[in-house]
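Below is one structure, written out as structure tokens; comments come after it.
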Amino acid sequence: MTAQELREKFLKFFEEKGHKVLPGSSLIPQDDPSVLLTTAGMQQFKKWFAGIEKPAYRRVVTLQKCVRVDDIEEVGDNTHLSFFEMLGNFAFDDYFKKEAIEWGIEFIQNELGISKDKISFTYFGGSDNLPEDTESLEILKNILKIPEDKIKPMGMEDNFWGPTGDEGPCGPTVEFYVDDVEVWNLVFNQYYRTLEGKYETLDQNGVDTGLGFERVLALLENKKSFWETELFLGIIQKVKELATENNDHSNKVIVDHLRTAVFLLADGVLPSNLDKGYVLRRLIRRAIRHGLVLGIGSPFVSEIAKKVIEIYKEAYPELSKNKDLILVELGKEEQKFNEALSKGLKEFEKLKIEKEISGKTAFDLFQTYGFPIEMIEELAEEKGLKVDKEGFEKEFKKHQELSRKGAEKKFKGGLASGGEMETQYHTATHLLHQALRIVLGDHVKQAGSNITAERMRFDFTHPEKLTPEKLKETEDLVNEQIKANLPVICEEMSVKEAKEKGAIGLFEAKYGDKVKVYSIGDFSKEICGGPHVKNTSELGTFKITKEESSSAGVRRIKAILEK
Ligand code: SER
């Protein structure tokens, strides 16, 4: 069975059992500021599980791309990947434990051709404040007649799942193992964990399952691990072709990290020192460092990325669609890092340290040469040194706070004066922001704004120069909105509500804080302090006067309003 056949088989099996096949979500969670990246298939359905929103379907099946970087240092063994695919069936106030477990066994046995005897199970044996899942035990033992030695109770750590983020739906699980490899996690969402850590029983039951795609493929191909499957062989081979040294661990780190980087870039994450962008940057840079270990000549990153795109393009068309952006961004990041890398390594060699690299020194290496912390730890380990990681994290947080404050100031900078022209330019800025997102894509985010009575200046994330056609399209789109006499309306709401309504803008405020959201007709909705005009008809004609680079990955547009 090929990888693509496995994906299709799963979707079809559950479709035939009344599930709606829905697309997996982006790796950037759309509606959930409590998590950085998509780590599980259930995330896009959190509100349906929690009963906050009425589910559009009772039964759903998806293929979900996931990124987990908690144990990034462990990549290279046979169980950890920073990017993986998850096949999942979901039910909202519909079927529950019995059907979920039965269908799981049926799929493995009838569709994958793996004998039922090879499957063993774990279930939730209870904890201090939550009861044992006797229902699942009863189903496994008495209804499905699974021999007792194949059913094991486990604790909170192993057989209780969720919530993702600070609060949300969660519950006991049944896990399926084949040949001692964990392949399928069946979560029975029956609780809601509150921010205070209390478990409240949900009014409705939910099923959330995740079948580990790469692991199952390895089983089906009769391979020792997923590294030997069709998903990886081609990429590993490519790394070997470029390498002059042999090192299995480095090879795997490169393959894993660049594979994840390609998927993150395709979904609009760009390398930076903040949040998602920092996750991406660490992955790319660690891969480059391991490229050095293998003696690979630079640049090489985009060569590997091309292979990743080739392997995944059928299942994930967004890779081909964003191929140019992916390759350009990887190339830029590689060039930037290479410039600092050799200098930084020399500096590292000079460090006179006996046992431990202090948090401050580690942070300096990060700050000056862009060395990700994992890389510093690896370099230290090679010399038998330790790193004060906690100290590093402290320095890092301090720095992030500062740059956040700087960014906020930059945003507010545009609004210093509330004169008539400034107010008009401010509304035009919202129109431009939205127009750019429509013309160029959702990866466009405001990176700065500056307004005077004479002109507006707008910085936004985008990897390349805008063509004259794109500029014209953007300009026309803004002018169409001006001509449409759209009303500008301000509403106050919580950040949560603003997110739910699809508002864009700076989400640095805390979840519960009240913010102002300005809507311009149905065209734009953005969090902002104002002031704005009452109607777009006040704006005159919008004209872009200049488009240029502002900094890496950020473009700058200057524009005027002509009367
Ligand atoms: N949410 C569970 C997991 O990620 C099952 O899908 O393992």
Looking at region 8-18, can you tell me whether even one residue there is under 17 Å from the mean Cα position of the chain (by Cα) and in a loop (DSSP other than H, G, I, E, B)? no
For region 286-298, indicate whether the set of residues that are at pLDDT below 95 and touching a Pro at 6+ places or on another chain (Cβ under 7 Å) is non-empty. yes
Scan (1) modelled with pLDDT of 95 or more; (2) over 26 Å from Ser225 (Cβ atoms); (3) out of contact with any helix residue (DSSP H, G or I) (no Cβ under 7 Å at 6 or more places or on another chain) for the single condition Ile101 breaks and write down its number. (3)
Could you check region 258-307 and list, in sequence order, the residues that are charged (D, E, K, R), within 15 Å of Met375 (Cβ to Cβ) and not in a helix (DSSP H, G or I)? none
Search result, residues across region 114-134 that are touching a residue at least 40 places away in the same chain (Cβ under 8 Å) and under 30 Å from Leu6 (Cβ atoms): Ile114, Lys118, Ile119, Ser120, Phe121, Thr122, Tyr123, Phe124, Asp133
What do you reckon, is Lys54 among the basic types (Lys, Arg), part of a loop (DSSP other than H, G, I, E, B) and closer than 25 Å to Ser136 by Cα? no
Any residue at all in region 112-120 that is more than 13 Å from the ligand (Cβ to nearest atom), in a strand (DSSP E or B) and either hydroxyl-bearing (Ser, Thr, Tyr) or crowded, with 16+ Cβ neighbours inside 10 Å (or both)? yes
Any residue at all in region 290-303 that's touching a residue at least 60 places away in the same chain (Cβ under 8 Å), touching a Phe, Trp or Tyr at 6+ places or on another chain (Cβ under 7 Å), closer than 22 Å to Leu341 by Cβ and not hydrophobic (A, V, I, L, M, F, W, C)? no
Does Leu87 fit the bill of being at pLDDT 95 or above and farther than 30 Å from Glu221 by Cα? no
Please give the number of the condition Phe96 fails out of (1) surrounded by fewer than 22 Cβ atoms within 10 Å (Cβ to Cβ); (2) within 26 Å of Ser225 (Cβ to Cβ); (3) away from the ligand (no atom under 13 Å from the Cβ). (2)
Every residue from region 78-93 that is within 16 Å of the ligand (Cβ to nearest atom) and part of a loop (DSSP other than H, G, I, E, B): Thr79, His80, Leu81, Ser82
Residue satisfying all of: in region 174-187; more than 24 Å from the chain's Cα centre (by Cα) and crowded, with 17+ Cβ neighbours inside 10 Å; nearest to the ligand (Cβ to nearest atom) among these: Glu175
Can you tell me which residues in region 51-77 are touching a Lys or Arg at 6+ places or on another chain (Cβ under 7 Å) and more than 14 Å from the ligand (Cβ to nearest atom)? Glu53, Tyr57, Arg59, Val75, Gly76
What residue, of Asn450, Asn485, is of a type in the set (S, T, N, Q), crowded, with 16+ Cβ neighbours inside 10 Å and over 28 Å from the mean Cα position of the chain (by Cα)? Asn450
Within region 191-209, restricting to residues that are surrounded by fewer than 24 Cβ atoms within 10 Å (Cβ to Cβ), within 16 Å of the ligand (Cβ to nearest atom) and over 11 Å from Gly51 (Cβ atoms), the one that is modelled with the lowest pLDDT is Arg193
Can you name the residue in region 157-172 that is within 9 Å of the ligand (Cβ to nearest atom) and in contact with a Ser or Thr (Cβ under 8 Å, 6 or more places away or on another chain) and is also modelled with the lowest pLDDT among such residues? Thr164
At pLDDT 85 or above, in a helix (DSSP H, G or I) and charged (D, E, K, R): does that describe Glu454? no
Of everything in region 25-50 that's without any contact (Cβ under 8 Å) to a residue 60 or more places away in the chain and of a type in the set (S, T, N, Q), which residue is farthest from the ligand (Cβ to nearest atom)? Gln30
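The values are calculated or read from the model by the stated rules, or taken from the named source; none is laboratory data. Computed from a prediction, not measured in an experiment: that's the story for all the values here. No Cβ is skipped: glycine too gets one built from the backbone with ideal geometry, and neighbour counts run over all protein chains shown.
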